[in-house]
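Colleague: Dumping the structure here so I can ask a few things about it.
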Amino acid sequence: MKYLAPAYIYTSEGLQANKRMAVSDDGIIDSITDLESQSMEPSEVETLPGVALLPGFVNVHSHVFQRALRGHTHRPLSQKDTFWTWRNAMYDEAQRLTPETLYTLALQTYREMLAAGYTSVGEFHYVHHQPGGQPYAEPNAMSEAILEAGRAAGIRVVLLMTAYAQAGFQQPPEEGQLRFCDASVEAYLARVEALRSKGVPIGVAPHSVRAVSENWFRFIADYSRTHHLPLHVHADEQIGEIEQCKTAFGCTPIELLERFGALSSQTTIIHATHASEVELGLLAKYKSAVCVCPTTEGDLGDGIAPYAALLDANIPLCIGSDSNTRLDPIEELRWAEYSARMRYQRRRVLVAHEMASPGPLLLDYGTRLGASALGLHTGVIAPGMSADFIGVSVNHPAMAGWNSNDFLDVLFFGASSEVITQTWVQGSKVYENRQ
Ligand SMILES: [Zn+2]
């Protein structure tokens, strides 16, 4: 057992002073007790003066290799740049990857995530095979590179194994997409099984309604139901996708997902930027979640998610760093609220009730609801949960003036991840800023 005595601990009751946390050797929070309740030798307790422990942030949606594009796609890529011209640059980057370069890139990026306060990441992984589509001798070589980087960095990785089969509705894959594609849905599921049998935390991820056919969707949705696995899918990020879907199927992407049996409480829709009222009604009906990726959606000019409607429909929201153009959960969540304010031209959009401030709900999106979307037993500091947390320096200049009522608002609107001084995953300190 390990004992921690920080200045504050953020529990479901809010910010608590004078508490001691016991963490078991296998990294589970055992108890949170009053400091006075039982006397202990000072040598047995690690004190963390000036530190508030908060649950670690959960990054629900990452494409780790896209970190290599950061800052390099803002020069003109064509006369009029859009998501689709950016995608060409991303495909070029994907073509260059090898298991070795992917490992190096993932290790560096996962370390950056830990320093920013993410303790778990859902890696939406789709670069599976050799350029041209030929599988590696070890068919999961690229997945293994990611998992190994996660272990070396110390971050919790849920591998969202992406299924990819076609370029668009009933169109064969383009050259640049061949290495994303499996020969059949059975071949894809065999690779998923191989990883699951090793105990790897897995979710299934049919890439989008563009990239996966009805038959594949039905197989994958069945598989996720049978094995209780999260199912993640991109939808409604781009108007172009919605128009193509309407032309091919006479309905919108989320309506199509319902038709394919792919909506359930295990489903997380990535983006839902342009989701209609009908689509939001379906997500509410099936208790599916939405993952927004505000910094990437801003970078790519996607649009602003219908935050108020999502909140009204009680759809659980979580966040992802997606293209990793920025890695800072505090900034990601601030962008969610700020872009919602710009969309609706009012303040305090993402609030639990009319008279609440946004801080607590933003924290919930960034932690508990993210963990739930990845099927993880973390995201809250409470006995029985994994000991995944971050230490915030309460004396950092960016936090100056905080009080116990507005601590989270000061954090989300006044600071960035520079206030995070340490990160713990499964009871081990995996990052510390000693400055
Ligand atoms: Zn994505």
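The values are calculated or read from the model by the stated rules, or taken from the named source; none is laboratory data. It should be emphasised that the depicted structure is a prediction, and the values quoted were computed from it without experimental measurement. Note: ideal-geometry Cβ built from the backbone for every residue, glycine included; neighbour counts use all protein chains shown.
Colleague: Are there any strands (runs of 3 or more DSSP E) wholly within segment 1-119 with 2 or more residues that are more than 16 Å from Gly427 (Cα to Cα), and if so which?
Modeller: 2-11, 14-17, 29-34, 45-55, 57-62
Colleague: Provide a single number: the residues in segment 405-428 that are in a helix (DSSP H, G or I) and acidic (Asp, Glu).
Modeller: Narrowing segment 405-428 to residues in a helix (DSSP H, G or I): 407-414, 417-419.
Still in the list and also acidic (Asp, Glu): 409, 418.
Number satisfying all stated conditions: 2.
Colleague: Which of the residues that make up segment 12-29 are crowded, with 18+ Cβ neighbours inside 10 Å and touching a residue at least 60 places away in the same chain (Cβ under 8 Å)?
Modeller: Listed by number, the residues that qualify are Leu15, Met21, Val23, Ile29.
Colleague: Say we look at segment 7-25 and pick out the residues that are of a type in the set (Gly, Ala, Ser) and touching a strand residue (DSSP E or B) at 6+ places or on another chain (Cβ under 6 Å); which of these is farthest from Asp406 (Cα to Cα)?
Modeller: Ser24
Colleague: So for segment 91-99 (the condition being within 16 Å of the ligand (Cβ to nearest atom), among the hydrophobic types (A, V, I, L, M, F, W, C), in contact with a Phe, Trp or Tyr (Cβ under 9 Å, 6 or more places away or on another chain) and at pLDDT below 95), does at least one residue qualify?
Modeller: Within segment 91-99, one or more residues are within 16 Å of the ligand (Cβ to nearest atom), among the hydrophobic types (A, V, I, L, M, F, W, C), in contact with a Phe, Trp or Tyr (Cβ under 9 Å, 6 or more places away or on another chain) and at pLDDT below 95.
Colleague: Just a yes or no: is a residue in segment 137-151 crowded, with 21+ Cβ neighbours inside 10 Å, of a type in the set (Val, Ile, Thr) and in a helix (DSSP H, G or I)?
Modeller: Yes; the residues of segment 137-151 include at least one that is crowded, with 21+ Cβ neighbours inside 10 Å, of a type in the set (Val, Ile, Thr) and in a helix (DSSP H, G or I).
Colleague: Looking at segment 230-247, which of its residues are among the aliphatic types (A, V, I, L, M) and either part of a loop (DSSP other than H, G, I, E, B) or surrounded by 24 or more Cβ atoms within 10 Å (Cβ to Cβ) (or both)?
Modeller: The answer is Leu231, Val233, Ala235.
Colleague: Does Thr104 satisfy being farther than 27 Å from Ser213 by Cβ, surrounded by fewer than 17 Cβ atoms within 10 Å (Cβ to Cβ) and more than 16 Å from the ligand (Cβ to nearest atom)?
Modeller: It is true that Thr104 is farther than 27 Å from Ser213 by Cβ, surrounded by fewer than 17 Cβ atoms within 10 Å (Cβ to Cβ) and more than 16 Å from the ligand (Cβ to nearest atom).
Colleague: For segment 306-324, give me the residue count where each residue is crowded, with 22+ Cβ neighbours inside 10 Å, away from the ligand (no atom under 14 Å from the Cβ) and over 15 Å from Leu369 (Cα atoms).
Modeller: Going through segment 306-324 one residue at a time, the tally reaches 1.
Colleague: Does Leu53 qualify as being surrounded by 13 or more Cβ atoms within 10 Å (Cβ to Cβ) and closer than 25 Å to Leu376 by Cβ? Working first, answer last.
Modeller: Working: surrounded by 13 or more Cβ atoms within 10 Å (Cβ to Cβ): yes; closer than 25 Å to Leu376 by Cβ: yes.
Yes.
Yes or no, residue by residue, for (1) at pLDDT below 95; (2) surrounded by fewer than 23 Cβ atoms within 10 Å (Cβ to Cβ); (3) more than 30 Å from His227 (Cβ to Cβ); (4) more than 16 Å from the ligand (Cβ to nearest atom):
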{"residue": "Phe249", "(1), (2), (3), (4)": "no, yes, no, yes"}
{"residue": "Ile270", "(1), (2), (3), (4)": "no, no, no, no"}
{"residue": "Glu277", "(1), (2), (3), (4)": "no, yes, yes, yes"}
{"residue": "Asp302", "(1), (2), (3), (4)": "no, yes, yes, no"}
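Colleague: Given the condition within 16 Å of the ligand (Cβ to nearest atom), within 24 Å of Val392 (Cβ to Cβ) and either in the same structural domain as His271 (by TED's automatic domain parsing) or surrounded by 21 or more Cβ atoms within 10 Å (Cβ to Cβ) (or both), answer yes or no: does some residue in segment 351-370 qualify?
Modeller: To start, the set of residues in segment 351-370 that are within 16 Å of the ligand (Cβ to nearest atom) comprises 370.
From what is left, the residues that are within 24 Å of Val392 (Cβ to Cβ) are 370.
Among the residues that remain, those that are also either in the same structural domain as His271 (by TED's automatic domain parsing) or surrounded by 21 or more Cβ atoms within 10 Å (Cβ to Cβ) (or both) are: 370.
Yes; the residues of segment 351-370 include at least one that is within 16 Å of the ligand (Cβ to nearest atom), within 24 Å of Val392 (Cβ to Cβ) and either in the same structural domain as His271 (by TED's automatic domain parsing) or surrounded by 21 or more Cβ atoms within 10 Å (Cβ to Cβ) (or both).
Colleague: Within segment 310-360, which residues are more than 23 Å from Val233 (Cα to Cα), among the aliphatic types (A, V, I, L, M) and in contact with a strand residue (DSSP E or B) (Cβ under 9 Å, 6 or more places away or on another chain)?
Modeller: Ile330, Leu350, listed by residue number.
Colleague: Within segment 169-190, is there a residue that is surrounded by fewer than 23 Cβ atoms within 10 Å (Cβ to Cβ), on the phi > 0 side of the Ramachandran plot and in contact with a helix residue (DSSP H, G or I) (Cβ under 9 Å, 6 or more places away or on another chain)?
Modeller: Looking for residues that are surrounded by fewer than 23 Cβ atoms within 10 Å (Cβ to Cβ), on the phi > 0 side of the Ramachandran plot and in contact with a helix residue (DSSP H, G or I) (Cβ under 9 Å, 6 or more places away or on another chain), one finds at least one in segment 169-190, hence yes.
Colleague: May I ask you to verify whether Val380 is within 23 Å of the chain's Cα centre (by Cα), at pLDDT 95 or above and part of a loop (DSSP other than H, G, I, E, B)?
Modeller: Yes; evaluated as a whole, the condition is true for this residue.
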